[in-house]
Amino acid sequence: MNKFFRAPLAFAFAVGMMSSAQAVNYVSVAGNDITFYYDADFWGLNAGSVSGNSISFGVDPSYSLLAKVASNKPAGTNVQTYADSASAAVIAVAHNGYVLNSAVGFNLQGSYGGVNGGSAMTTTAGGDIYGGTFASGVFNSGNYINSYSVGFASDAQSPAAGNINVSQSGGDNGIQYSALGLDALIYANVYQHGPGNLSLDVASARYEFSVSAVPEPETYGMLLLGLGALGFIARRKRSA
């Protein structure tokens with residue numbers, strides 16, 4: 001397996017908390033113009049669902065965190081953290097007749113509750129995007145394209161409860177590929193100081209891809225024939 005995880009700078013603070021997820025258990029699922037391969041050791045065996053050319057995942061329940069300090073512990077502190085990462089956590093392979101554009105959309109959703117004085121929560125997600133090829137169940141990374149990242153934070157000055165819905169479009173170097181491989185890292189943290197409860201639920205992640213059709217060889221032949229005919233007509237006019 002060709003490994004290529006490199007943590008984006010936005011997640012440098014969390015590198016020490018990452019666990020090492022080895023991408024050895026891929027599950028494939030077909031979209032309209034793309035077949036997806038996702039790391040079931042990272043996302044879960046039946047976590048992926050496809051709509052068109054996008055794939056969504058229900059995030060591991062380990063990302064549902066609760067920090068609680070009892071009412072009789074005014075100086076008590078409770079911190080809960082979970083983080084995981086995987087190399088080539090998602091691989092997108094274009095069907096015959098298509099190529100993948102390098103731009104990739106990413107969306108992270110969830111919810112939180114209980115934010116009050118002495119509490120704070122944050123969640124971040126992202127990774128690197130690589131162009132390459134896919135053959136015999138192996139993704140071979142070629143060009144590093146870009147990194148994608150999203151983040152959300154709330155503290156004592158923010159509403160006590162709310163939803164998380166953050167998105168970013170990453171990549172797009174103007175080059176098209178037969179396959180794209182994406183690293184993934186998800187980090188979640190809740191901090192409660194003094195009496196109270198703070199919850200964070202990172203619920204889902206979604207990747208959106210776009211493709212372009214590759215003209216059939218017959219199309220190129222007709223184009224060349226048409227250009228040749230136009231050239232012949234132009235020469236006839238000049239000689240007339």
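Residues considered: PHE11, PHE57, PHE36. Of these, the only one that is at pLDDT below 95 and either within 18 Å of the chain's Cα centre (by Cα) or over 26 Å from ALA135 (Cβ atoms) (or both) is PHE11. Out of all the residues in the stretch 113-145, which are of a type in the set (S, T, N, Q) and under 25 Å from VAL29 (Cα atoms)? Hits for the stretch 113-145 are THR133, SER136, ASN140, SER141, ASN143. Annotation note: Cβ proximity below 6 Å between a residue of the stretch 91-119 that is surrounded by fewer than 19 Cβ atoms within 10 Å (Cβ to Cβ) and a residue that is of a type in the set (A, V, I, L, M, F, W, C) and not in a strand (DSSP E or B) (sequence gap 6+ or interchain) occurs for GLY97/VAL214; VAL99/VAL214; GLY117/ALA156. Per the conditions (1) more than 18 Å from the chain's Cα centre (by Cα); (2) part of a strand (DSSP E or B), the sole criterion not satisfied by GLY117 is (2). For the stretch 46-78, give me each residue that is more than 26 Å from ASN25 (Cβ to Cβ) and in contact with a Phe, Trp or Tyr (Cβ under 9 Å, 6 or more places away or on another chain). Answer for the stretch 46-78, where residues must be more than 26 Å from ASN25 (Cβ to Cβ) and in contact with a Phe, Trp or Tyr (Cβ under 9 Å, 6 or more places away or on another chain): ALA67, THR77, ASN78. Scan the stretch 74-86 and give yes if some residue there is surrounded by fewer than 19 Cβ atoms within 10 Å (Cβ to Cβ), free of Cβ contacts under 8 Å to residues at least 60 places away in the same chain and in a loop (DSSP other than H, G, I, E, B), otherwise no. Scanning the stretch 74-86, I find no residue that is surrounded by fewer than 19 Cβ atoms within 10 Å (Cβ to Cβ), free of Cβ contacts under 8 Å to residues at least 60 places away in the same chain and in a loop (DSSP other than H, G, I, E, B), so the answer is no. The test for being farther than 23 Å from ASP60 by Cβ, of a type outside the set (A, V, I, L, M, F, W, C) and under 18 Å from the mean Cα position of the chain (by Cα) holds for TYR130.
The values are calculated or read from the model by the stated rules, or taken from the named source; none is laboratory data. These figures come from a predicted structure and were not determined experimentally. Backbone-built Cβ (ideal geometry, glycine too); neighbour counts: all protein chains shown.
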